[in-house]
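Notes to accompany the following structure.
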Amino acid sequence: RRRRLLTPVTTASLEEHGRCALCGSRSLFLDAAINELRCPSCDTHLARDGVQGDVALDEDGSHVRFLAQELDPSLLEGLHAEIKWGQHEDLLPDGRVILQPRLIAYQADDPSLVYSYEGLTQPLHPEPFTPHVAAIKAQVEKLTGECFNSCHLNLYRGGGDHVSWHTDEDPDLYGPAPCIASVSFGATRDFVLRRMRGEPYAPSWRPSLPSQMWRYALGGGSLLVMSGATQR
C-alpha cells in the first residue's frame, strides 16, 4: 500500500491567484476558519477610526482603551533577541493543512495553560516568560490594574503576513469576560474590531452592520486593551 505524505501549503500560494469579485483587488487573505478568500479593503471600508483613550463600543459592556505611544518602541530589539519563533499549522475545513501566515510564540506563568483552538493541528505548550516580555507585562499591569497569565506573540514578517478574523474567547484560560491587552512594536498595522451577533461560533453568528466596525492603527509602542464583553 502506498502511503501519502500530507505536505502543508502556504496561505500565500492559495491567495496569489484570487481576485475580489467586488473591487477587483488581488490583495486577498485566506480566512482559515471558514476556508474562504476575503478582501480586506471590502471587509473594512466602512470601519470608523478608533480614538485614543477609554471608549465604550456598545451598550453591552464592550470596552476598549487605546494608547498610541505608551511603550518604548526600541523594546522590539530585545524581544527579537530572546524569543524562539515558530511557524505552526492550521487544518482547513476541507482537510488541507496550511502553514500559518505569521510566526508565533506562546509564554505563560503556568505550564498547564496549554492553548488550542479548532483547526490548530498541535496545541501550544507555553514557555516561561522571557525577560523583556515579563518587563512589558509588568508595565502593562501597572497601566491597566489587571493581572495577565499568558502572552501570545505574533511576528508579521511583512505585509503578506496576517491573522484572520477571530475572537480570544477561552473561558478555561481567560474567564467569561477576559481582559486582553495588545502591545505592538515595529511597523504600523491595522487592527479591526467588528461587532458580531448571535451565539459565538454557532451557525447564527454573523457580523452585524458593516458600520459597527472600528479600525486602530497599531504602531510601535501602542497599547490596545479590550475588556468586558469585547470578545463576545
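The values are calculated or read from the model by the stated rules, or taken from the named source; none is laboratory data. Source: prediction; values computed, not measured. Because the Cβ atoms are built from the backbone with ideal geometry, glycine has one as well, and the counts that use them run over all protein chains shown. For accessibility, only protein heavy atoms count, side chains too; no ligands or nucleic acids. Shrake-Rupley method; radii C 1.70, N 1.55, O 1.52, S 1.80 Å.
Checking the structure you have, find out if any residue of the range 215-232 is more than 20 Å from residue 63 (Cα to Cα) and assigned to a strand (DSSP E or B).
First pass over the range 215-232, keeping only residues more than 20 Å from residue 63 (Cα to Cα): 219-221.
Checking the rest, the ones that are also assigned to a strand (DSSP E or B) come to none.
No, the range 215-232 has no match at all.
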From the options 30, 57, 76, 92, residue that is open to solvent by 50 Å² or more (accessible area, probe 1.4 Å), in contact (Cβ under 8 Å) with a residue 60 or more places away in the chain and either touching a Phe, Trp or Tyr at 6+ places or on another chain (Cβ under 6 Å) or under 27 Å from residue 180 (Cβ atoms) (or both) = 76
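Checking the structure you have, find out if any residue of the range 141-158 is in a loop (DSSP other than H, G, I, E, B), closer than 22 Å to residue 29 by Cα and touching a Phe, Trp or Tyr at 6+ places or on another chain (Cβ under 6 Å). Break it down into steps so the answer makes sense when it comes.
First pass over the range 141-158, keeping only residues in a loop (DSSP other than H, G, I, E, B): 145-149, 156-158.
Subset that is closer than 22 Å to residue 29 by Cα: 156-158.
With touching a Phe, Trp or Tyr at 6+ places or on another chain (Cβ under 6 Å) added as a condition, the list becomes none.
For the range 141-158, residues in a loop (DSSP other than H, G, I, E, B), closer than 22 Å to residue 29 by Cα and touching a Phe, Trp or Tyr at 6+ places or on another chain (Cβ under 6 Å): absent.
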Scan the range 98-113 and report the pairs whose first residue is open to solvent by 40 Å² or more (accessible area, probe 1.4 Å) and whose second residue is basic (Lys, Arg) and assigned to a loop (DSSP other than H, G, I, E, B), with Cβ atoms within less than 8 Å and a gap of 6+ or a chain change.
-> none
Those residues that are in a loop (DSSP other than H, G, I, E, B), touching a residue at least 40 places away in the same chain (Cβ under 8 Å) and open to solvent by less than 80 Å² (accessible area, probe 1.4 Å), I need them from the range 34-49; list them, please.
-> 35, 47
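Of all the residues that make up the range 158-173, how many are in contact (Cβ under 8 Å) with a residue 12 or more places away in the chain and either over 14 Å from the mean Cα position of the chain (by Cα) or open to solvent by less than 50 Å² (accessible area, probe 1.4 Å) (or both)? Outline the logic, then answer.
Initially, the range 158-173 is screened for residues in contact (Cβ under 8 Å) with a residue 12 or more places away in the chain, giving 160-170, 173.
Going one step further and asking which of them are either over 14 Å from the mean Cα position of the chain (by Cα) or open to solvent by less than 50 Å² (accessible area, probe 1.4 Å) (or both), we end up with 160-162, 164, 167-168, 170, 173.
Selection size over the range 158-173: 8.
Quick test for you: out of 158, 220, 186, pick the one residue that is out of contact with any Leu (no Cβ under 8 Å at 6 or more places or on another chain), within 20 Å of residue 79 (Cα to Cα) and not aromatic (Phe, Trp, Tyr).
158
Among what's in the range 174-194 and is among the β-branched types (Val, Ile, Thr) and open to solvent by 40 Å² or more (accessible area, probe 1.4 Å), pick the residue that is nearest to the chain's Cα centre (by Cα). Even if it seems obvious, please write down each step before you answer.
Residues of the range 174-194 among the β-branched types (Val, Ile, Thr): 180, 183, 188, 192.
Next cut, open to solvent by 40 Å² or more (accessible area, probe 1.4 Å) only: 183, 188.
Values: 183: 11, 188: 15 Å.
This residue is 183.
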Consider residue 17 carefully, then state whether it is open to solvent by 30 Å² or more (accessible area, probe 1.4 Å), in contact (Cβ under 8 Å) with a residue 24 or more places away in the chain and out of contact with any helix residue (DSSP H, G or I) (no Cβ under 7 Å at 6 or more places or on another chain).
-> no
